[in-house]
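J.: The structure that follows is given in the form of structure tokens.
The values are calculated or read from the model by the stated rules, or taken from the named source; none is laboratory data. None of these values were measured; they are calculated from a predicted model. With ideal geometry, Cβ positions are generated from the backbone for all residues, glycine too; neighbour counts draw on all protein chains shown.
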Amino acid sequence: QAKASGGNQFRLYETNMADRMRNHAVLDGKLRTAIEQQQFVLYYQPQISAETGTVLGAEALLRWKHPEQGLIPPGEFLPRAEENGLIVPMNEWVLHEACREAKSWHRQGLGDLRISVNLSPIQFRRVNVASLVLKALSSSELDPRLLEIEITETIVMDNTEDVVSTLRQISNLGVGISIDDFGTGYSSLNYIKQFPIDRIKIDQSFVRNMVEDPSDHTIVRTVANLGHSLGLSVVAEGVETEAQASLLRADGCDIMQGYLYGRPMPSQDFINLVRSHRKLELSA
Ligand code: C2E
Ligand code: MG
Ligand code: MG
Ligand code: MG
């Protein structure tokens, strides 16, 4: 196809390439400024017990609060931050901030709410993630059992022995480990038995159409069964409707996360949500 369109195609490509590099350089500079000026914030999305409806905790999700552009979602800057390595200091901040916040919820009497933090495969390649986790725990004084890290199957494709030993160290601290976006990545299931995993999160792409599409529903049910037979708890991501929630409950999913229960929100809104849930439970 490139041949058929001849020289013009090449020039177009060249121009795009130059544009791309310029855009990257601009974004890199903005990201460095963002780190220096602390323009990042965390939003928290509730995770709900499928059985009782109680708020169990939250997933911390990164947002860039740009002074002119407003709130920028991670999809628009994380891929570049992973390419240029800035993900490493950014995600270190996320881990510390999330632990600090979860500790403050505990201090405010909200009970044992768990915080989930996404980690990047790049961090596992570049730094000692186990000591990073330890540092965040000791500086925040958060109970390790209230921290969970989320990793994706991509990690498996890297240096497996190092990754396994890092994850063992983290798990031995009492920190939970969950596999995010389960079913979308590297499809060898062999890692599941080697890794000290506590939970799997069924990717939202399967949940999205599970009510209409029998094969998506079959995948969800099969993953839930697989998780349970391995002694893992199962989280459903992207739950938006009651119809999805009732199928997921019937399939035995343990934890629900999605817009049906709450979008990612600032910490204070999350605190209010937990408090109003508790009031409902008390009056019920
Ligand atoms: P993820 O970890 O799988 O997080 C779930 C994403 O799904 C979030 O998008 C969340 O807002 C969205 N979501 C939750 N419930 C629903 C729903 O019911 N419907 C729909 N349509 N979407 C829902 P978000 O916040 O834009 O984050 C996107 C991805 O960026 C995350 O996917 C995660 O892979 C990455 N990410 C976010 N924060 C961090 C971070 O601090 N560090 C790293 N390394 N990655 C992060
Ligand atoms: Mg996640
Ligand atoms: Mg996910
Ligand atoms: Mg993801």
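J.: Taking the range 86-105 only, how many residues are more than 13 Å from ligand 1 (Cβ to nearest atom) and in contact with a helix residue (DSSP H, G or I) (Cβ under 7 Å, 6 or more places away or on another chain)?
T.: Within the range 86-105, residues that are more than 13 Å from ligand 1 (Cβ to nearest atom) and in contact with a helix residue (DSSP H, G or I) (Cβ under 7 Å, 6 or more places away or on another chain) number 4.
J.: Then there is this: Quickly run through the range 106-120 and pick out the residues that are in contact with a strand residue (DSSP E or B) (Cβ under 8 Å, 6 or more places away or on another chain) and either basic (K, R) or part of a helix (DSSP H, G or I) (or both).
T.: Within the range 106-120, just R114 meets the criteria.
J.: Follow-up question, since we're still on this one. Pairs under 8 Å by beta carbon, first residue free of Cβ contacts under 8 Å to residues at least 40 places away in the same chain and closer than 14 Å to H96 by Cα in the range 111-127, partner within 16 Å of ligand 4 (Cβ to nearest atom) and of a type in the set (A, V, I, L, M), six or more apart or different chains?
T.: Hits for this filter: L119/I149; L119/I151.
J.: What pairs can you find where one residue is in the range 187-211 and touching a residue at least 40 places away in the same chain (Cβ under 8 Å) and more than 23 Å from E148 (Cα to Cα), the other is part of a loop (DSSP other than H, G, I, E, B) and away from ligand 1 (no atom under 16 Å from the Cβ), and their Cβ atoms are less than 7 Å apart, with a gap of 6+ or different chains?
T.: Pairs found: none.
J.: Please find, within the range 145-181, the residue that is surrounded by the most Cβ atoms within 10 Å (Cβ to Cβ) out of those that are within 16 Å of ligand 4 (Cβ to nearest atom), among the hydrophobic types (A, V, I, L, M, F, W, C) and over 13 Å from the mean Cα position of the chain (by Cα).
T.: Looking at residues that are within 16 Å of ligand 4 (Cβ to nearest atom), among the hydrophobic types (A, V, I, L, M, F, W, C) and over 13 Å from the mean Cα position of the chain (by Cα), I get I155.
J.: Does the range 266-275 hold any residues that are out of contact with any helix residue (DSSP H, G or I) (no Cβ under 7 Å at 6 or more places or on another chain) and either surrounded by 11 or more Cβ atoms within 10 Å (Cβ to Cβ) or among the acidic types (D, E) (or both), and which are they?
T.: Within the range 266-275, P266, D269, F270, N272, L273, V274, R275 qualify.
Residues are listed down the side, and each one gets a yes or a no for (1) within 20 Å of V234 (Cα to Cα); (2) not β-branched (V, I, T):
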{"residue": "H106", "(1), (2)": "no, yes"}
{"residue": "L113", "(1), (2)": "yes, yes"}
{"residue": "L142", "(1), (2)": "no, yes"}
{"residue": "I177", "(1), (2)": "yes, no"}
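J.: Take the residues in the range 58-101 that are part of a loop (DSSP other than H, G, I, E, B) and either away from ligand 4 (no atom under 16 Å from the Cβ) or without any contact (Cβ under 8 Å) to a residue 24 or more places away in the chain (or both), then tell me which one is nearest to M256 (Cα to Cα).
T.: Per the criteria, the residue is P73.
J.: When the range 213-271 is examined, which residues are found to be in contact with a Gly (Cβ under 6 Å, 6 or more places away or on another chain), assigned to a loop (DSSP other than H, G, I, E, B) and away from ligand 4 (no atom under 16 Å from the Cβ)?
T.: E240
J.: Checking the conditions here, which among R199, R208 is within 18 Å of S116 (Cβ to Cβ), within 14 Å of ligand 3 (Cβ to nearest atom), among the basic types (K, R) and surrounded by 16 or more Cβ atoms within 10 Å (Cβ to Cβ)?
T.: The conditions single out R199.
J.: Then there is this: Could you check the range 138-179 and list, in sequence order, the residues that are within 15 Å of ligand 1 (Cβ to nearest atom), modelled with pLDDT under 95 and either assigned to a loop (DSSP other than H, G, I, E, B) or closer than 20 Å to E101 by Cβ (or both)?
T.: T152, D158
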